[in-house]
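Okay, structure first, notes after.
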Amino acid sequence: MLEIYVDAATAGNPGESGIGIFIKGEGHHLKISEPIGVMTNHEAEFVALVRGLEEAEKLQSSLISMRSDSKIVVASIEKRYVKSEQFKPHLDAALAIIDRFDLFFIKWIPDDQNKAADVLARQAIKRSS
């Protein structure tokens, strides 16, 4: 099973944003830190989710356990629904990937349990400045 931790950071809201993805399990230990341009914090959280899923798919794992400190992202995945049209394309992209895994779990975690992904997201903002 792959454990995937995703987070986003924004300097302002909207503002320069970055994502952090930490993947461990099945012999993998990946750290991804990417600047993603100017967007709102919530949109950046969705981008982090989709990128984390894309990376998991590349690793060809069928069991995924994802963690995020974004309540809106976790609730949207669990309900397979989002109110905001702005987030719908990201949700659709995420669900399309999720449906290809044999087993997928997502769990909300508090900020202090998501430090690895948070550090990576903040590093990405610094690189974009």
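Only the coordinates and a few stated rules stand behind these numbers; no lab work does. Values in this document were obtained by computation on a predicted structure and should not be read as measured data. All Cβ positions, even for glycine, are placed from backbone atoms using ideal geometry, and neighbour counts span all protein chains on display.
Side notes on the structure shown:
- Overall form of the stretch 1-67 per C-alpha gyration tensor (a/c, 1.5; a/b vs b/c): prolate
- Sparsely packed trypsin sites (Lys or Arg not before Pro) within the stretch 31-123, loop by DSSP, other Cβ within 10 Å at most 15: Arg80, Lys83, Arg100
- Value at 222 nm in deg cm²/dmol, rounded to 500, when DSSP H runs of n ≥ 4 in the chain each add -39,500 (n - 2.57): -13000 deg cm²/dmol
- Sparse-neighbourhood loop sites, GluC sites (Glu not before Pro) in the stretch 1-84 - DSSP loop, at most 15 other Cβ within 10 angstrom: Glu26
- Members of Lys24/Lys71; Lys31/Lys126; Lys31/Lys83; Lys31/Lys58; Lys83/Lys107 lying beyond 26 Å, as alpha-carbon distances in this model show: Lys31/Lys83
- Among Asp69, Asp102, Asp92, a tally of other beta-carbon atoms within 10 Å of each Cβ gives an order, fewest to most, of Asp102, Asp92, Asp69.
- The loop-placed chymotrypsin sites (Phe, Trp or Tyr not before Pro) in the stretch 23-129, going by DSSP, that have at most 13 neighbouring Cβ atoms within 10 Å of their Cβ come out as Tyr81.
- For the chain, the relative contact order comes to 37 percent (Cα pairs under 8 Å, sequence separation of at least 6).
- Debye intensity ratio in log₁₀ form over the Cα atoms of the chain, taken at each q of 0.11, 0.13, 0.16, 0.21 Å⁻¹: -0.32, -0.46, -0.70, -1.22
- Residues Glu26 and Arg127, FRET efficiency given R0 of 35 Å [Cβ-Cβ distance, rounded to 0.05]: 0.80
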